[in-house]
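Worksheet: the structure to be examined is printed underneath.
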Amino acid sequence: MLPAMRHTLALLLGLARLAALADAHTIFTTLYINDVSQGDGTCVRMSRDPSTCTSPVDGITSKDMACGANGQEPVAFTCPAQAGAKLTFQWRLWANAQQPGVIDESHKGPCAVYAKQLGDMTKGSAAGPGWFKIWDEGYDEEAGLWCTEKLMRADGLLSVRIPAGLPAGNWLFRPELLALQNAHEGDPQFYVGCAQVFVESADAPLALSVPADRSVSIPGHLAAGDPGLKFNIYSDDPKFPYPVPGPAVFVPPSSSSSVSAVADNKKAPSSMTRQRTGGVPADYLIKNANWVGVEVAAYSTEAGCWAAAEDCWAQANACYDAAPPSGNRNCRVWERKCRGINDACEAGDYHDGPPARGVRLVSEEPGAPARIPAAVNEGQDEQGGEGKEKEEHKDEESGGRGGGDGNGTSEAAPAPTEMGDLPDWGGVGGDDGPIIITVTDIVTAPAATQTSNGRRPRRGLRLR
């Protein structure tokens, strides 16, 4: 089969796959760190099935309770963030944002965020012991709102601050929603996902001691008879306060110096535990979820031109194959680059290729649906109580890069950024256990170049 035909088939299958997205329930799709989008699906474990990805977990004893369907499978990238940084989890009614919405208004219930440290992100199990809750909220009697109703008012954006006392290393952060519309009939509906984050810290302990009554196994942290799982939201006399399921909140203690540094938005200290593998490579041209497109080899001959085209199309196919339900918009951006190389080969323009060499392509993913909200756990004590102080909103609108003019508009790819120049506290950390270093260079794993065993595109074959 010709590369053009293989590509067209992959594209059609990818579009059909995403068109099958269900329009019910909800799914966690996008992670923001300090108000900056990491990209749809990037560093996020989510269901791979577009037709069921927004469905609730199938039972509280399922391993899917940990990180959702396919949640035992690590994704390629782990996003770095300093202890004390703000994480924002975006929930969508439609995984690829084809239509707006967060969750059906009938799905009322509590929210929670859990955390678990893994020694190795690629081998550690999401399911099992080691989880503890860093925040929760049930029913706000003063406001007359469930947590999920507040989430809808925030356009699906839920922000928490990473406890400043967390040790450096690989962490899973697990937002959890519980819909109670059918709980009185024995059908509480859980929606969960996980973000892979490397937490960097200068002065936190290398190991964290969690009290036995706060450390839980997931699944296993809930029982069918728990009052919060049987709560009747339709009762004329509901029994408030609502008993939020799961353990009490645990907030690791932290030094005043680390909290102050984060609050003052200072640069990361020079002595910091940093990420060595698993980060997004610096030399990518476009990213879609946990796939990156890297520049093809330079060429000045016809053979080199067609080899570059073949490489580009192979990467495009890999992008579509790897795209999660959150979408393949940037695969289409990469596809336009491949068409440009192919057109140059057809036109006999083999010199100094590829066109626009090394120029970073502009993401076409949607930006944040609203201003990024303040962290819900600002000032929270170890019992889960909410402090009096609330983080003030920034003056400017926040959100991830999105848009583009639809024609593959490009911008120059920036040089790799040193740690000290990153906005807020974005940092990096280690994979094979904590490693203390004092340099400021980000060390990343090289991007794997996708290859194809098929033949190159024929001259004169237009891929339009």
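Where a number appears in this text, it was derived from the coordinates with a stated rule and is not lab data. Keep in mind that this is a model prediction, so the values were computed, not measured. Glycine also receives a Cβ, built like all others from the backbone with ideal geometry; neighbour counts cover every protein chain displayed.
Some observations on this one:
- A protection proxy built from the mean count of other Cβ atoms within 10 Å ranks the segments 60-68, 187-195, 222-230, 241-249, most packed first, as 187-195, 60-68, 241-249, 222-230.
- Length available on full extension from residue 51 to residue 143: 0.36 nm per residue minus the Cα-Cα distance, which gives 29.6 nm.
- Packing, as the average of other Cβ atoms within 10 Å across residues, places the peptides 28-39, 366-377 in the order 28-39, 366-377, highest first.
- For region 65-109, Kirkwood radius (reciprocal of mean inverse C-alpha pair distance, Å): 13.8 Å
- Amide H partners (placed H, <5 Å) of residue 272, local residues excluded: 437
- Rounded to 0.05, the FRET efficiency of the residue 234 and residue 271 pair, given R0 = 45 Å and the Cβ-Cβ distance, is 0.20.
- Here the extension length gained between residue 217 and residue 349 equals 41.5 nm, from 0.36 nm per residue of separation less the Cα-Cα distance.
- Within the shell of other residues whose beta carbon sits under 14 angstrom from the beta carbon of residue 57, the net charge comes to -2, with Lys and Arg scored +1 and Asp and Glu -1.
- Among the GluC sites (Glu not before Pro) in region 85-185, those located in a DSSP loop and surrounded by at most 13 other Cβ atoms within 10 Å of their own Cβ are 105, 141, 142.
- Radius of gyration and maximum dimension Dmax of region 165-207, Cα, Å: 16.4, 49
- FRET efficiency, residue 226 to residue 282 (Cβ-Cβ, R0 41 Å, nearest 0.05): 0.30
- Net charge dipole size for region 266-358 [Lys, Arg +1 and Asp, Glu -1 on Cβ; Debye, nearest 20]: 940 debye
- Projected label distance in nm at residue 98 and residue 356, using a 7 Å step from Cα toward the beta-carbon: 2.7 nm
- Gyration tensor (alpha-carbon) shape descriptor, region 293-371, a/c threshold 1.5: prolate
- The listed peptides 210-217, 168-175, 341-348, ordered by packing as a protection proxy, come out as 168-175, 341-348, 210-217 (highest mean of other Cβ atoms within 10 Å first).
- Given +1 at the Cβ of Lys and Arg, -1 at the Cβ of Asp and Glu and no other charges, the dipole of region 304-380 around its Cα centre is 300 debye to the nearest 20.
- The simple spin-label model puts a point 7 Å past each Cα toward its Cβ; for residue 301 and residue 182 those points are separated by 6.4 nm.
- Working note: Karplus 6.51/-1.76/1.60 with θ = phi - 60° gives region 315-322 the couplings 5, 4, 4, 5, 5, 4, 5, 8 Hz, where Gly and Pro are set to x.
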